[in-house]
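Only the coordinates and a few stated rules stand behind these numbers; no lab work does. These figures come from a predicted structure and were not determined experimentally. Methodologically, a virtual Cβ is constructed for each residue, glycine included, from the backbone with ideal geometry; neighbour enumeration extends over all protein chains shown.
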DNA sequence: TGGATATGTGAACACCGTACACTTTACACC
DNA sequence: GGTGTAAAGTGTACGGTGTTCACATATCCA
């Protein structure tokens, strides 16, 4: 299991070989079948574990930001998303296995689940009255954006050296697309436009 | 090649076996090495071709929307994104191969490239003065959101039966996060908020 | 003491990617 | 037309893989 996680960490799902994992723990290939129903089942367990460590990293990134202010909720939201992308870039193999398609009968739940961590952030934003869209449909677009950035950067399809700008632009898009605008003065960007900065019309 | 594309279509990259592809065209396994440097090279060609058909679908979806108005540019932008997600859901195997990490020496360019199609849409939006962020950094967040939705829906991680709502929420987030707001009356949504609908402050 | 249950073993099967030496085919050129 | 060269295809082989099966051991409870 931990041997398989090592393999996944260095080679992704394609790098996970049942025989090699068995060899690493000094056991025959067939012995592995006493613990895992199949290679796919082994991958499902590695994936669940990977999602858990991702969930923990997200928690660890947002937990230090204390307070129940809207400002804090916003900051936690961003920190969580950033941690998600960081994990994908630091552990591409584990990240791939974490979100690999998995037949439902093999799927193993995870706790803390990345999705749940995101949900908590959105609950906090909702409590602070900062959601510009209905709470019910808020997870999907937020997750989708962060996941896309994680995947495209992680696979090198979007250039790694523009990482910081891309992450920032993505988080900005999520904030501007999902949340109510901040107070006038708190948006300290380099080149402010000449136009006035009125409040934004909420949707839905 | 077309045999490999069939295999990719039904089994994704893991379903592509050099031997099986050779068998399907009635040829010995070693003969395949006269045409492809390796399995990875074969996958690179299949991937390039898959990206091309994706690019064509995006073009086909946006081309019927004529006109140079801002309204048309917005509509093309959305149609392009929708086509991207549709492709991922209709051809999950090809989509996976299209965006699989590929060693640079094996990478084969594609034309029309999905990225280029997106770029053209953004150029049109920029010409119409509808971009709320600098043109330079606009591709990444837009692509990221649509790609994330395609991946998470395609793999069944986000529920397929909520597909339409998720796609709509994602496209709304992209529009609201990247573009200037539409004129007051054109945002015909079911439950409009009580707040007024002022213009939105641009960023950057 | 015995027997059930968990765990491990070795051999076997079918598949895979890849390499090598060899043959066949096709085509351009003298 | 004959010939040489390059492209394409062949068979065999090696090592790796997932999976199954019949069999061994070991552990623990009644």
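Tabulated data for the structure shown
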| read-out | value |
| --- | --- |
| Peptide A:170-182 - average C-beta neighbours from other chains (10 Å radius) | 6 |
| Cα long-axis angle, helix A:163-178 against chain A (0 to 90 degrees, to the nearest 10) | 60 |
| Inter-copy label distances at residue B:37 (7 Å, Cα→Cβ; nm, one decimal) | 4.1 |
| Intensity falloff of chain A expressed as log10 I(q)/I(0), Debye formula with alpha-carbon point scatterers, at q = 0.09, 0.12 Å⁻¹ | -0.42, -0.69 |
| Distances in nm from residue B:104 to the matching label points in the other copies, shortest first (labels 7 Å along Cα to Cβ) | 4.4 |
| Partner chain coverage, peptide A:146-155 - average Cβ within 10 angstrom | 6 |
| Cα centroid of the stretch A:111-148 to Cα centroid of the stretch B:88-166, whole Å | 22 |
| Shielding of A:92-104 by partner chains, average beta-carbon count, 10 Å | 2 |
| Other copies of residue A:89: label-to-label distances in nm, shortest first, labels 7 Å along the beta-carbon direction | 3.1 |
| Computed over the stretch B:1-159: relative contact order in percent, which uses C-alpha pairs under 8 Å that are six or more apart | 27 |
| Helical contribution to [θ] at 222 nm, DSSP H n ≥ 4, -39,500 (n - 2.57), averaged over the protein assembly as shown, rounded to 500 | -18500 deg cm²/dmol |
| Angle in degrees between helix A:139-154 and the longest Cα principal axis of chain A, rounded to the nearest 10 | 60 |
| Between 0 and 90°, nearest 10: helix A:2-11 axis offset from chain A longest Cα axis | 60 |
| q = 0.10, 0.16 Å⁻¹, the stretch B:1-118: log10 I(q)/I(0) [Debye, one scatterer per Cα] | -0.35, -0.74 |
| Ordering of A:150-158, A:21-29 by burial proxy (mean other Cβ atoms within 10 Å per residue, highest first) | A:150-158, A:21-29 |
| Rounded, prolate or oblate (a/c below 1.5 giving rounded, otherwise prolate when a/b exceeds b/c) for the protein assembly as shown by Cα gyration tensor | oblate |
| Cα gyration tensor, the stretch B:57-177 - rounded (a/c under 1.5), prolate or oblate | oblate |
| Gyration tensor verdict on the stretch A:131-171 (Cα atoms; rounded if a/c is under 1.5, prolate if a/b is larger than b/c, oblate otherwise) | oblate |
| Exposure proxy ranking, count of Cβ atoms within 10 Å, fewest first, for B:147, A:35 | A:35, B:147 |
